[in-house]
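Beneath this line is the structure, given in structure tokens, with notes to follow.
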Amino acid sequence: MFAVIKTGGKQYRVAQDEVIVVEKLAGDAGDTLVFGDVLMIGDGDKVEMGAPMIGGAQVVGEVVEQRRAAKIIIFKKKQRNTYRRKQGHRQTETVVKITEILAKGGKTVEKKAAAPKKAEAKAAPAAKAEGGDNLTKLTGVGKVAAGKLNDEGYTTFAQIAALTDEQFAKLDADVFKGRVPKDQLVSEAKELSK
């Protein structure tokens, strides 16, 4: 039994217990990988082709190692210009041993859900600002400064309007850096808080 899978923009013909080298995939040695993009499955004379993928079919593999390919040399030269550039490159790649080919209707192997770190980091400031006002309406306060103000605990126009001299001096040193005068900031915040 064989299958044709697609990964890293390339197609590979694989069979059970075969070892293939693909472009770098996330995972450490011993981890299980599931390839869901199966284009074709063949078993003797019986061949099933997808249009373009076969729904429900999967190929399961185990990561053998993460490595770098042999070095290639990139050499550029222009005639009569004394222009020469030499650069090397080693592509990262993953060695995978195919353990199972699961045809349509076979058992399914779930992928490990990796938690996206960037999405969580972006969701945290948004959660802080949900109950507050849009501080970017103030002159001199952009998205970055509004995020810093939220981190300091200032989320509403009323809080900005009630700033004391000491509080503003701290914010000026950390956030505004002398770009926004206190009287202008406080007066705009009072107007917007109405």
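Annotations
- Within the shell of other residues whose beta carbon sits under 14 angstrom from the beta carbon of Gln16, the net charge comes to -3, with Lys and Arg scored +1 and Asp and Glu -1.
- Residue exposure proxy: Thr156, Thr82, Thr94, ordered by other Cβ atoms within 10 angstrom of their Cβ from fewest to most, comes out as Thr82, Thr156, Thr94.
- Calculated from backbone phi, Karplus (6.51, -1.76, 1.60) coupling profile of the range 60-68 in Hz, x at Gly/Pro: 9, x, 10, 6, 8, 6, 9, 8, 10
- Per-residue Cβ neighbour counts within 10 Å put Thr139, Thr32 in the sequence Thr139, Thr32, beginning with the fewest.
- Summed residue charge, Cβ within 11 Å of Ala70's Cβ, Lys/Arg positive, Asp/Glu negative: +3
- The percentage of C-alpha pairs in the range 2-102 whose separation is greater than 22 Å is 43%.
- Expected 222 nm ellipticity per residue - DSSP helices of 4 or more, -39500 (n - 2.57), all of the chain, to 500: -7000 deg cm²/dmol
- In plain terms, the residue of Val180, Val19 with the fewest other Cβ atoms within 10 Å comes first and the most crowded comes last, giving Val19, Val180.
- Neighbour net charge for Asp174 - beta-carbon separation under 12 angstrom, K R +1, D E -1: 0
- In the set (i) 14.7; (ii) 11.6; (iii) 21.7, the label that goes with mean projected area of the Cα convex hull in nm² computed for this structure is (iii).
- Between the amide H of Asp37 and those of Lys6, distances stay under 5 Å, these residues lying 5 or more places away or on another chain, with hydrogens modeled in the peptide plane.
- Each residue of the range 34-41 was assigned a 3J(HN,Hα) from its phi angle through the Karplus expression (A = 6.51, B = -1.76, C = 1.60, θ = phi - 60°), giving 10, 9, x, 8, 9, 8, 7, 10 Hz with x at Gly and Pro.
Rule-based calculations on the coordinates, nothing more; no lab input. Being a predicted model, the structure only gives us computed values, none of them experimental. Note: ideal-geometry Cβ built from the backbone for every residue, glycine included; neighbour counts use all protein chains shown.
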